[in-house]
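Read the structure below first, then the notes.
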Amino acid sequence: MNIFIRLLKSIDRKFIFIITFFAVVIPMFYPLYLPIIPEDSVRSIFKKIDAIPEGSKILMSFDYDPASKPECHPMAIANLRHAFKKNLKIVIIQLWPFGGAMATEAIDELKKEFKEIYNRDIIYGDDYCILGYKVGGAILIQQSGKDFNGTFMEDIDGKKASEISLTKDVKTIKDFELVLSYSAGDPGIKQWVMIVDAQYKVPVAGGVTAVTAPEITPYLNSGQLLGLMAGLRGAADYETLVNKKYPPFKKYVNSGTSGMDPQNIVHLMIIIFIIIANIIYWHDKKMGLVR
Amino acid sequence: MNISSEIGVWIGAVLTLCIWSFLWKDNFLYKTAEAIFIGCSAGYIFSKLFHESFMAVLWNPLTEGTTFWGVITNPLSKGNAFLFIPFFLGLLMITRLFPGIGWMSRWPMAFIVGLGAGMNIFISLQSSVVAQLHATMLPLVKFHGGVFDMTAFVDTFNNWVIVFGTLCALMYFFFSIEHKGLVSVGARMGIYVLMISFGASFGATVMARISLLIGRVRFLKEVWLGIV
């Protein structure tokens with residue numbers, strides 16, 4: 001036993017990094033296709049978007065940057081797929097400076113998909129528009145409840161919001177059926193919930209990085225948040241629901257779904273590491289090596 | 001395998017590997033990649049702020065349809081004179097760069113702090129206190145259609161966890177009474193509730209970090225090396 005414990009204690013942390021790397025890479029080459037059962041908090045977003053009448057406007061706020069792209073981007077793409085398929089009109093804003101670039105990248109990807117599957121063009125100004133970045137966070141959200149075009153004045157190309165067909169009739173945030181925020185921190189979904197849901201009674205939902213999820217979950221439990229996608233798992237859940245209803249999307253990149261196998265394997269590995277570390281701790285405690 | 005020929009993809013891949021080299025030990029490649037990341041981010045954010053905030057919100061409305069010097073007369077004629085207030089506060093903020101008059105930057109800072117605090121007190125009380133308190137006021141015995149079935153049992157159990165978990169966690173932070181007797185038991189239970197929530201946060205953090213690794217590995221595999 002002592003030899004075994006000494007051997008475990010001598011393991012270098014680089015060994016753990018290497019094992020983690022292979023635990024991620026191997027399932028990517030040999031997927032296990034573990035089942036994904038969508039959570040209720042994700043189903044409620046899907047049901048809401050599904051129930052919104054065709055041609056209605058929804059607001060998407062891209063509040064993340066490249067550092068959190070692997071988590072937030074797949075859920076934004078999954079929501080956009082669903083919304084475009086439902087012919088909803090999407091107004092995109094950004095509370096983070098990189099949000100516009102993230103939205104542009106996501107929509108460029110979807111334009112190809114919709115052209116290939118449905119021979120449909122996703123048209124800027126008609127199907128969607130991307131308004132420019134503004135500083136202010138919560139103040140902007142508050143102001144958009146009173147004068148939307150006066151708050152988000154121009155799109156990313158400098159065109160006035162009042163001249164874009166999609167936004168020219170928008171007066172306040174209440175003109176949107178739903179607000180979706182993809183948030184990696186502050187400002188983000190918390191501010192949307194605290195202001196738009198509480199004061200203007202517009203339903204708010206969205207996705208957050210897994211790190212932020214425990215902080216945001218209380219707003220879900222209290223009913224202030226319509227639904228929540230937490231991390232890559234949330235994206236995988238939404239992709240599963242979209243692919244079930246619209247199977248042609250299955251053949252395209254579903255980053256959340258394909259990321260679940262490596263995620264599960266690494267989590268299992270980390271659980272094993274924690275158990276091993278505790279065995280060593282208990283052993284040392286028994287031997288009087290630690291207090 | 002279809003290796004990408006795009007220079008942007010190669011730069012991304014090489015910088016990713018440079019950052020990963022830190023796992024071995026701190027080195028020159030890591031420091032270079034880190035510096036490039038910070039520099040690019042700062043430059044991009046400055047450019048966005050300048051064009052989409054300063055120009056779009058302040059400068060263009062001030063100078064629209066006029067020459068540079070019209071910035072004084074034009075807003076007055078168009079009723080945009082109030083824009084001089086943020087313009088002036090912005091100028092005061094820049095005084096921070098000059099040690100002699102740097103104290104003037106406290107005025108716009110005071111404005112920001114006052115505005116932020118005033119707004120946040122109201123919305124935080126409403127959403128994070130009142131609504132959360134309301135969400136913890138739950139029935140301790142729940143029935144489903146008048147029957148206490150398995151679903152009702154699970155809901156009842158969840159309600160007990162939420163109600164007593166909240167009370168115990170609050171009791172731990174209640175320092176006006178010595179933690180003895182029942183208060184001590186409640187406070188100890190509160191510690192366990194907090195430890196469980198820290199465990200949940202740790203699990204979520206692991207999930208987030210692994211997601212980032214998966215994202216980078218997928219980029220290297222699918223975009224850079226072209227292995228689909």
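The values are calculated or read from the model by the stated rules, or taken from the named source; none is laboratory data. What you see is a predicted model, and the numbers here were worked out from it, not measured in a lab. Every residue, glycine among them, receives a Cβ derived from its backbone with ideal geometry; neighbour counts consider all protein chains shown.
Assorted remarks:
- Filtered residues of region A:78-107 (kept if in a helix (DSSP H, G or I), more than 14 Å from every other protein chain (Cβ to nearest Cβ) and not hydrophobic (A, V, I, L, M, F, W, C)): A:Asn79, A:Arg81, A:His82, A:Lys85
- Output for region A:172-223, where each listed residue is within 11 Å of another protein chain (Cβ to nearest Cβ) and of a type in the set (Lys, Arg): A:Lys190
- Qualifying position, being surrounded by 15 or more Cβ atoms within 10 Å (Cβ to Cβ), away from chain A (no Cβ under 13 Å) and more than 30 Å from A:Pro66 (Cα to Cα), among B:Phe164, B:Phe175: B:Phe164
- Yes/no for B:Ala169 being small (Gly, Ala, Ser), in a helix (DSSP H, G or I) and in contact (Cβ under 8 Å) with a residue 24 or more places away in the chain: yes
- Qualifying positions in region A:254-267 - in a helix (DSSP H, G or I) and either without any contact (Cβ under 8 Å) to a residue 40 or more places away in the chain or under 20 Å from A:Tyr238 (Cβ atoms) (or both): A:Ser255, A:Gly256, A:Thr257, A:Ser258, A:Gly259, A:Met260, A:Asp261, A:Pro262, A:Gln263, A:Asn264, A:His267
- Considering the conditions (1) outside the structural domain of A:Ile271 (by TED's automatic domain parsing); (2) in contact (Cβ under 8 Å) with a residue 24 or more places away in the chain; (3) in a helix (DSSP H, G or I), A:Lys47 is excluded by exactly one of them, (2).
- Against the test of being within 28 Å of A:Thr217 (Cα to Cα), more than 10 Å from every other protein chain (Cβ to nearest Cβ) and either at pLDDT below 90 or not in a helix (DSSP H, G or I) (or both), the options A:Ile37, A:Ile3 yield a single qualifying residue, A:Ile37.
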